[in-house]
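J.: Provided herewith is a single structure, encoded as structure tokens, for subsequent inquiry.
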Amino acid sequence: MTFSGYPGHASREVVLIVASLSTCDPSSIFGTFELLKRYQIRCSVISLSAEVFVFKKLCSITSGRHNVVLDSTHFEIILNEHTNPPISGRNAESSVVRMGFPAHEGIDSPSFCLCHQSEIRSPGGRGFFCPQCGARYCSLPVECRICKLTLISAPQLARSLHNLLPLPAFEEIDTTKGTCFACVRQLDDKSFLCKDCKSTFCIDCDVLLHESLQICPGCKSGVK
């Protein structure tokens, strides 16, 4: 029932971390497996002790993964693999999300915003106006309380896309000379090469690009 309110395009997944070698069920466990399959709930099991048939059968029926941990390092690797969302099937539902991109405009007349309804804001401030109904807000992102339109800025939308499509890892290479493409500092003995545009970066810029910006300046500038 916990997953009943989720939309059709959302994936339903349960990851179980178990150490037990047996189960205790008041009814048919295989009937429960079929119910999970019917509601498209993907179940994966990480076993800390040994392979158990009933857990492996659960993963097989629901198209999940069954892993037996070898040591603490292996457990960390397996657990991190489950942080990536599963690939959606071709029959998954999809829907278009309507969004508005309001500009940060100056306010010429007294008004109140929907996030501070009890406060009348004096002229001279700045705010965001819903392009559909004209409601004012102080910050983004937000769902308009009047028309329910999702209001967001282009940079915020781009950052959410970067989380889904992260920048591929650069190749670590040995260097004897040259400068970093981003900060133009002299490269150390170790540097990092973008496989697409062949631009070379220092370790500091490599960390910045992969942990924060999620873009390669060489690729964006058209360098080949």
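J.: Restricted to Cα positions, what overall size does region 98-165 have along the principal axes? Three whole-Å values, descending.
T.: 43, 22, 18
J.: Ok, one more. With contacts defined as alpha carbon pairs under 8 Å and 6 or more residues apart, what's the relative contact order of the chain in percent?
T.: Over the chain, the number comes to 10 percent.
J.: Below 8 Å between Cα atoms, with a sequence gap of 6+, how large is the relative contact order for region 12-81 in percent?
T.: 32 percent
J.: Considering Cα pairs under 8 angstrom that are at least six residues apart, work out the relative contact order of region 122-194 and quote it in whole percent.
T.: 18 percent
J.: For a quick check: with amide H placed at 1.01 Å from N, whose amide H comes under 5 Å from S111's, ignoring anything fewer than 5 positions away on the same chain?
T.: Those qualifying (amide H under 5 Å, at least 5 residues apart or on another chain) are R121.
J.: Multiplying the sequence separation of A50 and D71 by 0.36 nm and subtracting their Cα-Cα distance, what value in nm do you get?
T.: So the extension gain works out to 6.3 nm.
J.: Using Cα-only point scatterers and the Debye equation, what is log10 of I(q)/I(0) for the chain at each q in 0.13, 0.18 Å⁻¹, rounded to two decimals?
T.: Ignoring solvent entirely, the Cα scatterers give -1.01, -1.16.
J.: Could you pull the Rg and Dmax for region 171-220, using just the Cα atoms, both in Å?
T.: When restricted to Cα atoms, region 171-220 yields Rg and Dmax of 9.8, 28 Å.
J.: Something else about it: Under 20 Å Cα-Cα from K177, which aspartates and glutamates qualify once same-chain neighbours fewer than 8 residues away are excluded?
T.: Within reach: D188, D189, D204, D206.
J.: OK, next. Could you work out which residue, out of Q132, Q156, Q186, moves most in a Gaussian network model of the chain, that is, has the largest mean-square fluctuation with Cα springs under 10 Å?
T.: Q186
J.: Quote to one decimal, in nm, the extra length available between H116 and C147 on full extension: 0.36 nm per residue of separation minus the C-alpha distance between them.
T.: Here the answer is 9.4 nm.
J.: Roughly what % of DSSP beta bridges within the chain run antiparallel, to the nearest 5?
T.: If I count the DSSP bridges inside the chain, around 55 percent turn out antiparallel.
J.: Could you give P(r) for region 12-81, binned at 5 Å from zero, as whole percent values over all Cα-Cα pairs?
T.: Distribution as computed: 4, 17, 28, 24, 16, 8, 3, 0 percent.
J.: Take Y39 and S109, extend 7 Å from each Cα along the Cα→Cβ direction, and tell me the distance between the two endpoints in nm.
T.: 5.3 nm
J.: Between K195 and S160, what FRET efficiency follows from the Cβ-Cβ distance if R0 is 30 Å, with the result rounded to 0.05?
T.: Once the sixth-power term is evaluated, E becomes 0.75.
J.: Modelled label-to-label distance, S60 and R185, 7 Å Cα→beta-carbon offset: nm?
T.: Rounded to a tenth, the inter-label distance reads 5.6 nm.
J.: Can you show me the helix-derived [θ] at 222 nm for the chain, built from DSSP H runs with n ≥ 4 at -39,500 (n - 2.57) apiece and divided by the number of residues, rounded to the nearest 500.
T.: -6000 deg cm²/dmol
Taken together, the values in this text are just the output of simple stated rules run on the coordinates, not laboratory data. Note that this is a predicted model, so its numbers are computed, not measured. Positions of Cβ are backbone-derived with ideal geometry, glycine not excepted, and every protein chain shown enters the neighbour counts.
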